[in-house]
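Here's the structure, in structure tokens; my notes come after.
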Amino acid sequence: MVYTQALVFGNGITVFSEEDRIVEFMRKFLLQITSGNKKSIPDRSLENSCEFIEDIKSSSVEWLDSRSNMEDCVEEALQLELAKQIELCLANAKTSRLQCQELLLPRRLTGRVARDIMVSSADEPCGLRGAIVQVLLETKGTLEPLGSIAPDRSVTPTFELTVVFKSDPDSWAALKSLFAADKVLKIRPGYRLVKRKLYSSASPVIHDFD
């Protein structure tokens with residue numbers, strides 16, 4: 001298993017299209033997701049991403065009738081932005097709530113989580129825009145809240161998605177001996193995703209991913 005530090009994503013996505021309007025849409029969108037303030041969680045960036053998808057879907061241009069490939073590219077870009085939000089949430093909690101100097105997580109873990117969040121949001125009326133995402137860490141038998149993400153603050157959330165990362169206690173002793181002065185926290189590849197309807201008596205839906 002390859003691990004990486006919980007750092008801010010700096011990658012953009014380039015999407016090619018034959019239509020000038022789509023090129024302009026994507027240029028503005030990519031500018032939004034790559035120019036955010038990396039010291040805080042830029043909720044507005046993800047909100048703009050969601051609004052961008054709604055603009056694409058509501059367009060009346062005839063050639064958008066065959067837009068499936070383009071929408072796939074947009075969904076991929078939105079997934080990247082969501083993964084970046086999760087990374088920022090972990091990075092901000094590193095020295096505050098977690099009080100550690102190094103936070104190690106498996107490579108592509110946040111991308112997997114972002115993908116599963118989007119899958120869980122797909123059957124909702126407003127999709128990801130109607131979600132509130134809570135990020136927690138399970139460590140030593142307790143749940144530590146790390147932060148929350150509101151994809152679109154203009155939409156009243158109708159469901160809550162809770163991501164529960166899990167610390168790896170087995171690695172703590174070895175890491176502690178390597179870093180005498182710094183505290184290192186390692187996160188497992190597996191995580192839990194809990195979906196709860198906010199205005200419904202339905203039971204939460206729990207998925208455990210390895």
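The values are calculated or read from the model by the stated rules, or taken from the named source; none is laboratory data. Worth saying up front: this structure is predicted, and the values here are computed from it rather than measured. Glycine gets a Cβ as well: all are built from the backbone with ideal geometry, and neighbour counts include every protein chain shown. Note: accessible area is taken over every heavy atom of the protein model, side chains too, but ligands, DNA and RNA are not part of it. Shrake-Rupley method; radii C 1.70, N 1.55, O 1.52, S 1.80 Å.
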**Prompt:** Given H placed on each backbone N at 1.01 Å, which residues far from Glu138 in sequence or on other chains put an amide H within less than 5 Å of it?
**Reply:** Glu144, Phe165, Lys166, Ser167
**Asked** Using the Karplus equation 6.51 cos²θ - 1.76 cosθ + 1.60 (θ = phi - 60°), what ³J(HN,Hα) coupling, rounded to whole Hz, does each residue of the range 121-131 give in order, writing x for Gly and Pro?
**Response** 8, 5, 8, 8, x, 9, x, 4, 4, x, 9
**Item:** Extension gain from Ser203 to Thr158, taking 0.36 nm per residue of separation minus the Cα-Cα distance
**Value:** 14.8 nm
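With 18 Å as the limit, write out which pairs from Lys140/Lys186; Lys94/Lys166; Lys140/Lys183; Lys140/Lys195; Lys166/Lys186 have Cα-Cα distances beyond it, or answer none. The partial results should precede the final answer.
Details: Lys140/Lys186 13 Å; Lys94/Lys166 14 Å; Lys140/Lys183 15 Å; Lys140/Lys195 23 Å; Lys166/Lys186 9 Å.
Check vs 18 Å cut-off fails for Lys140/Lys195.
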**Item:** Summed side-chain charge close to Leu105 - residues other than Leu105 whose Cβ falls under 13 Å, Lys, Arg +1, Asp, Glu -1
**Value:** +4
**Asked** Ordering Leu143, Leu193 from largest to smallest accessible area (1.4 angstrom probe), what's the sequence?
**Response** Leu143, Leu193
**Over the range 100-175 - Rg/Rh using Cα atoms and the Kirkwood inverse-distance radius** = 1.05
